[in-house]
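The next block holds one structure in the form of structure tokens; read it before the comments.
The values are calculated or read from the model by the stated rules, or taken from the named source; none is laboratory data. Source: prediction; values computed, not measured. Note that each Cβ is placed from the backbone with ideal geometry, even for glycine, and that neighbours are counted across all protein chains shown.
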Amino acid sequence: MGKIKTRFIGDTDLEEKQKKEQKARAYEKKLEKKASVEKAPEDKSEVKSETAPKKIKSNKKAESKKLGSRPHSNNYQKAKKMVDKNKIYTLEEAIKLLKEIKYAKFDESIELHFNVDETGLKGEIELPHSTGKTVRVAIVDDKILANLEKGLIDFDILITHPSFMPKLAKFAKVLGPKGLMPNPKAGTISPKPEEVAKKFQKGTLRWKTEAKFPLIHQMIGKISFEDKALMENAKAFILAVGASHITQAVIKSTMSPGIKIELDK
């Protein structure tokens, strides 16, 4: 007789139960593995989103480095400390202070900067004294037209006889944006262009507000000028704009901080 294997019904039921539990656990693991695989892209995106601020931050830093302005020099900081930002100086006091705080080695320009009550203000004025800036005045002739054809512009003011306007028309897109196109309002079209040229060569200034902002900027001389000459030029320009239009006035040199000045209204 062969060997007899004893089986118990209870043990068999238990085995079947264990098999079922094992299959259930294996199925659960399979589901968990599948879920983790499907979730992986989300995890990557989460990691990416977590690191994104760092990337944006570095980009902003690079952008600010590219667009940001350099800090002012120690000389400028010293000059700035000598200006009381809460005080409104008389014109005489401001000009004297500009010369005291001068630190640049070149002959700086003296500039007036106005906040005015409206845009569109403009005019022209011949100051009592030269501004120290050489103004290149040209009268349209065949040579000027030939230079324009070559793209050469070697003038600051262009004056023309009316007869040349048809020939100048094709250069309007080049001269117009630069403010160099002759026009009647600016007084640069005249049957007597030689007389107009002499007027501008004497130092006649054309001024106007910025295109979109009520601001006016004008050079009135050099820091090497006598105080009296700078004062007379400044007063003449203030009068031309009209003190009633000016809400705030600042005078400065090329390298200095601005100094607020009072106006007689």
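Among the candidates Lys102, Lys96, the residue that is in contact with a helix residue (DSSP H, G or I) (Cβ under 9 Å, 6 or more places away or on another chain), over 16 Å from Gly203 (Cβ atoms) and part of a loop (DSSP other than H, G, I, E, B) is uniquely Lys102. Considering only region 220-230, state which residues are surrounded by fewer than 17 Cβ atoms within 10 Å (Cβ to Cβ) and of a type outside the set (Asp, Glu). Hits for region 220-230 are Ser224, Lys228. One residue alone among Ala94, Ala79 is modelled with pLDDT of 95 or more and either within 25 Å of Ile238 (Cβ to Cβ) or basic (Lys, Arg) (or both), and that residue is Ala94. So if I check each of Thr188, Thr209, which one is touching a Leu at 6+ places or on another chain (Cβ under 6 Å) and more than 19 Å from His129 (Cβ to Cβ)? Sole residue among the options that is touching a Leu at 6+ places or on another chain (Cβ under 6 Å) and more than 19 Å from His129 (Cβ to Cβ): Thr209. Number of residues in region 208-230 that are part of a helix (DSSP H, G or I) and in contact (Cβ under 8 Å) with a residue 24 or more places away in the chain: the value is 3.
Among the residues of region 141-188 satisfying the criterion of being within 27 Å of Glu210 (Cβ to Cβ) and of a type in the set (Phe, Trp, Tyr), which is modelled with the highest pLDDT? It comes out as Phe171.
Screening region 117-207 for helices (runs of 4 or more DSSP H) wholly inside it with 1 or more residues that are surrounded by fewer than 17 Cβ atoms within 10 Å (Cβ to Cβ) and in contact (Cβ under 8 Å) with a residue 40 or more places away in the chain returns the ranges 193-201.
As for region 240-252, it holds no residue that is assigned to a loop (DSSP other than H, G, I, E, B) and crowded, with 20+ Cβ neighbours inside 10 Å.
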